[in-house]
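In what follows, a single structure is set out as structure tokens and then discussed.
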């Protein structure tokens, strides 16, 4: 719960925290402690990637555009999503499958169509520089 002048208020925004290599264990532990005490904690949504390629896939402009459209426009199908972003349906389908494999969207079957959905309103990317990333030669950079 967020506080506003000492009064508890619920935040309507659901933030998906994307992290590289390590989870925010303090937030997870706080949520679990609240559950143990019979409280209802604020939802804590987190995805942790261990491969820099996956993090790059998330932050590519075309994928970010698709996530923004899904969040703001709530398209009913992949075809409608492609129409909104003015791109070829096959390309959008490929990008949406990629986002689904990363765990960032759901593709819900509705009749003959698949509808892209998300369960968050915004994304926060946390990239710690404390953990070296291996370069292509296998040497720590």
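Some observations on this one:
- Distance between the pseudo-spin-label points of residue 109 and residue 91 (7 Å out from Cα toward the beta carbon): 2.9 nm.
- Plainly put, the range 10-59 has a radius of gyration that is 1.07 times its Kirkwood radius, both from alpha-carbon atoms, as the Rg/Rh ratio.
- Rg/Rh (Cα only; Kirkwood hydrodynamic radius) as it applies to the range 12-114: 1.05
- Two-site label geometry, residue 25 and residue 127: point separation in nm, points 7 Å out along Cα→Cβ: 2.5 nm
- A Förster distance of 35 Å, applied to the separation of the beta-carbon atoms of residue 102 and residue 34, puts the FRET efficiency at 0.80.
Computed from the coordinates by the stated procedures, all read-outs in this text should not be read as laboratory data. All values derive from a computational prediction rather than experimental measurement. Glycine gets a Cβ as well: all are built from the backbone with ideal geometry, and neighbour counts include every protein chain shown.
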